1. Run down D128, D101, D112 and say which single residue is within 16 Å of C26 (Cβ to Cβ), open to solvent by less than 20 Å² (accessible area, probe 1.4 Å), in contact (Cβ under 8 Å) with a residue 60 or more places away in the chain and touching a helix residue (DSSP H, G or I) at 6+ places or on another chain (Cβ under 9 Å).
2. Would you tally the residues in the range 131-146 being open to solvent by 100 Å² or more (accessible area, probe 1.4 Å), free of Cβ contacts under 8 Å to residues at least 24 places away in the same chain and under 21 Å from S39 (Cβ atoms)?
3. Looking at L60, L88, can you tell me which residue is open to solvent by less than 40 Å² (accessible area, probe 1.4 Å) and on the phi < 0 side of the Ramachandran plot?
4. Of the residues that sit in the range 2-31 and are open to solvent by 40 Å² or more (accessible area, probe 1.4 Å) and assigned to a loop (DSSP other than H, G, I, E, B), which one is modelled with the lowest pLDDT?
5. Working only within the range 67-111, note down all residues that are assigned to a loop (DSSP other than H, G, I, E, B) and under 13 Å from the mean Cα position of the chain (by Cα).
6. Restricting the first residue to the range 69-85 and requiring it to be farther than 14 Å from V23 by Cβ, which pairs with a second residue that is open to solvent by 90 Å² or more (accessible area, probe 1.4 Å) and not hydrophobic (A, V, I, L, M, F, W, C) meet a Cβ separation below 6 Å and a spacing of at least six or different chains?
Amino acid sequence: MIIELGTWLGKSADYFCRNTDAVVFCVDLWDNGVIERDSHYASVNNKDILRRGSIYDQCLSNLWNHKYDGKKGIIPMKMDGCEALQILKEMGVEPDLLYIDASHHYDGVMKDVSTAIDLFPSAHIVGDDWEYPDVQRAVKDCAQKY
């Protein structure tokens, strides 16, 4: 099983589904308003994406061929990443891989990584967007803490 925090339009989830037979829990707020207010998403390309409508609907459309079939595929969870991790832990889910690509701000990354380690200490935890200074600092601080 794979848990992905920060699915956005589904490119990573598509990769996981094409290359594994895993259940992929896709967790994201999919909130266009957050995107409009956060300077991290200020690129022209992201504004074009927002003009196409709901990011959630775009993601589901992009991943339609990977919908959960009872054995494998995506299960979208439209909510906060740490909330989803807690729910999945309570359900007895034990992921092999936890892919973190949600917040790119220090506090958000710290919270996501810390919660992932606390709840799923045996999972392989990987992420994205190392080029962001807040991501680097949060990951290094988590590494030092744990």
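The values are calculated or read from the model by the stated rules, or taken from the named source; none is laboratory data. Note that the structure is a prediction, hence the values are computed from the model and not measured. With ideal geometry, Cβ positions are generated from the backbone for all residues, glycine too; neighbour counts draw on all protein chains shown. Calculation scope for accessible area: heavy atoms of the full protein, side chains included, ligands and nucleic acids excluded. Shrake-Rupley method; radii C 1.70, N 1.55, O 1.52, S 1.80 Å.
1. Values: D128 fails: open to solvent by less than 20 Å² (accessible area, probe 1.4 Å); D101 fails: open to solvent by less than 20 Å² (accessible area, probe 1.4 Å).
The conditions single out D112.
2. Going residue by residue through the range 131-146, those that are open to solvent by 100 Å² or more (accessible area, probe 1.4 Å) are 131, 137, 140, 144-146.
Now narrow it down to the ones that are free of Cβ contacts under 8 Å to residues at least 24 places away in the same chain: 131, 140, 144.
So of that shortlist, the ones also under 21 Å from S39 (Cβ atoms) come out as 131.
Going through the range 131-146 one residue at a time, the tally reaches 1.
3. Details: L60 fails: open to solvent by less than 40 Å² (accessible area, probe 1.4 Å).
The unique qualifying residue is L88.
4. In this case the residue turns out to be D31.
5. Just the residues of the range 67-111 that are assigned to a loop (DSSP other than H, G, I, E, B), to begin with: 68-72, 79-80, 91-96, 101-105.
Listed by number, the residues that qualify are M79, D80, D101, A102, S103, H104.
6. Short answer, once both residue conditions are applied: C82/K111.
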